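Working notes, structure below.
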Amino acid sequence: GTYLAYQGKLELVPIIDKGDILLNIYSAIAINPERIPETKIDMANNLITFLTSPEIQKFIGNYGIKEYGMPLFTPCAGAEPK
């Protein structure tokens, strides 16, 4: 995604453009409210539910297509680790 966003401004030639080596996982993890009592666990869980919902996963998967011709992110909520 970063390369696509800056490819017109950089003089770089990619040597790898596909594959798991480029995987950059973003995670949303609620912290343990028993360890951090001031945690707003309901709000954290609501955000995680929102981010992993099918509607938002589809939005994430389509992000960048109009501007760059391909998505900048590949949603993977619920996918098994490789």
Any chance region 3-24 includes a residue that's hydroxyl-bearing (Ser, Thr, Tyr) and under 14 Å from the mean Cα position of the chain (by Cα)? no
Identify all residues within region 1-21 that are surrounded by fewer than 10 Cβ atoms within 10 Å (Cβ to Cβ) and assigned to a helix (DSSP H, G or I); write none if there are none. Thr2, Asp20, Ile21
Counting only residues in region 22-57 that are polar (S, T, N, Q) and in a loop (DSSP other than H, G, I, E, B), the one nearest to Pro75 (Cα to Cα) is identified as Thr52
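Residues are listed down the side, and each one gets a yes or a no for (1) at pLDDT 95 or above; (2) in contact with a helix residue (DSSP H, G or I) (Cβ under 7 Å, 6 or more places away or on another chain); (3) under 23 Å from Gly61 (Cβ atoms); (4) of a type outside the set (D, E, K, R):
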{"position": "Lys9", "(1), (2), (3), (4)": "no, no, no, no"}
{"position": "Asp17", "(1), (2), (3), (4)": "no, no, yes, no"}
{"position": "Asn24", "(1), (2), (3), (4)": "no, no, yes, yes"}
{"position": "Ser27", "(1), (2), (3), (4)": "no, no, yes, yes"}
{"position": "Ile36", "(1), (2), (3), (4)": "yes, no, no, yes"}
{"position": "Lys40", "(1), (2), (3), (4)": "yes, no, no, no"}
Go through Ile31, Ile41, Ile15, Ile36 for me and flag whichever is hydrophobic (A, V, I, L, M, F, W, C) and either within 27 Å of Leu4 (Cα to Cα) or in contact (Cβ under 8 Å) with a residue 24 or more places away in the chain (or both). Ile15
Checking Ile60 against (1) exposed (fewer than 13 other Cβ atoms within 10 Å of the Cβ); (2) hydrophobic (A, V, I, L, M, F, W, C); (3) under 12 Å from the mean Cα position of the chain (by Cα); (4) assigned to a helix (DSSP H, G or I), only one condition comes out false. Which one? (1)
In this structure, is Thr39 over 23 Å from the mean Cα position of the chain (by Cα) and of a type in the set (Ser, Thr, Tyr)? yes
All but one of (1) at pLDDT 85 or above; (2) loosely packed, with under 10 Cβ neighbours inside 10 Å hold for Pro81; state the number of the condition that does not hold. (1)
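The values are calculated or read from the model by the stated rules, or taken from the named source; none is laboratory data. Because the structure is a prediction, the values reported are computed rather than measured. Cβ coordinates were reconstructed from backbone atoms using ideal geometry, including for glycine residues, and neighbour counts include every protein chain displayed.
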